[in-house]
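To start, the structure itself, in structure tokens.
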Ligand code: DC
């Protein structure tokens, strides 16, 4: 637990370890964890299911506006849900992964999700991870972390996560580089480093080392706020 209430923004490219770090930091500090990438994935999954054309920004914006995100896991755990149901495993499928950058590039979708993200975090200490959390969604967050790692290590981690063979490393590196480029070069809220963010290169670091580092920074912020 921290001696102060804090919002923590964690941004960075795919495979930098944001979700694992953010989840573990939130658990250690008694904060809520919000995976904003899962929200972009959930909208992409729903659009595919309902056959909303992924080229129709207005229809996707309407679909997003009409989607209700909520907190509700078993035994009151703060797990993210959509339209009253837990998020399906299919939000991590190859099909969704390959289309989500396109859906996330539309301001019509982003403005709706941004508002929902702020609502979900309102009034409580929250750790949010994504691409534009420190820059756009929570620009006033007391602690902003930008996590990164070499492309090779990020691709290796993703293969391990998916249980896939390391011979697929070149393809995975290529796919990730493509997604990084899309996320960083889009017109609206591109992946970028907030001016006052702490950059942590996680290449060669274990999950617990990164978690400890973030917690150390969080404590420093609380200490400086108490001065
Ligand atoms: O972190 P992830 O791979 O689950 O994110 C899925 C996609 O959503 C990714 O291509 C970037 C996009 N995204 C975004 O644009 N803004 C966020 N705050 C979070 C994710």
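Checked against the criterion of being without any contact (Cβ under 8 Å) to a residue 40 or more places away in the chain and under 13 Å from residue 34 (Cα atoms), the range 90-108 has no qualifying residue. Apart from one condition, residue 152 fits all of (1) at pLDDT below 95; (2) more than 13 Å from the ligand (Cβ to nearest atom); (3) more than 28 Å from residue 116 (Cα to Cα); the exception is (1). Within the range 119-134, the residues that satisfy the criterion of being touching a residue at least 12 places away in the same chain (Cβ under 8 Å) and either within 12 Å of the ligand (Cβ to nearest atom) or outside any helix (DSSP H, G or I) (or both) are 124, 125, 126, 127, 128, 129, 130, 131, 132, 133, 134.
Have a look at 143, 147 and point out the one that is surrounded by 14 or more Cβ atoms within 10 Å (Cβ to Cβ), within 13 Å of the ligand (Cβ to nearest atom) and within 15 Å of residue 193 (Cβ to Cβ).
147
Any idea which of 194, 155 is in contact with a helix residue (DSSP H, G or I) (Cβ under 6 Å, 6 or more places away or on another chain) and either within 19 Å of residue 221 (Cα to Cα) or in a strand (DSSP E or B) (or both)?
One residue alone meets the criteria, 194.
The set of residues in the range 41-61 being touching a strand residue (DSSP E or B) at 6+ places or on another chain (Cβ under 8 Å) and either under 19 Å from residue 194 (Cβ atoms) or buried (at least 24 other Cβ atoms within 10 Å of the Cβ) (or both) consists of 42 alone.
For the range 114-135, which positions are surrounded by fewer than 24 Cβ atoms within 10 Å (Cβ to Cβ) and in contact with a helix residue (DSSP H, G or I) (Cβ under 6 Å, 6 or more places away or on another chain)? Across the range 114-135, the qualifying residues are 114, 117. Number of residues in the range 193-217 that are under 18 Å from the mean Cα position of the chain (by Cα), surrounded by 14 or more Cβ atoms within 10 Å (Cβ to Cβ) and without any contact (Cβ under 8 Å) to a residue 60 or more places away in the chain: the value is 3. When residue 34 is tested against (1) touching a strand residue (DSSP E or B) at 6+ places or on another chain (Cβ under 6 Å); (2) over 26 Å from residue 181 (Cα atoms); (3) not in a helix (DSSP H, G or I), just one condition goes unmet, and that condition is (2).
From 67, 19, grab the single residue that is surrounded by fewer than 20 Cβ atoms within 10 Å (Cβ to Cβ), within 16 Å of the ligand (Cβ to nearest atom) and over 18 Å from residue 141 (Cβ atoms).
After ruling out the rest, the residue left standing is 67.
The values are calculated or read from the model by the stated rules, or taken from the named source; none is laboratory data. Computed from a predicted model, the values in this text were never measured in an experiment. We place every Cβ from the backbone using ideal geometry, glycine too, and count neighbours over all the protein chains shown.
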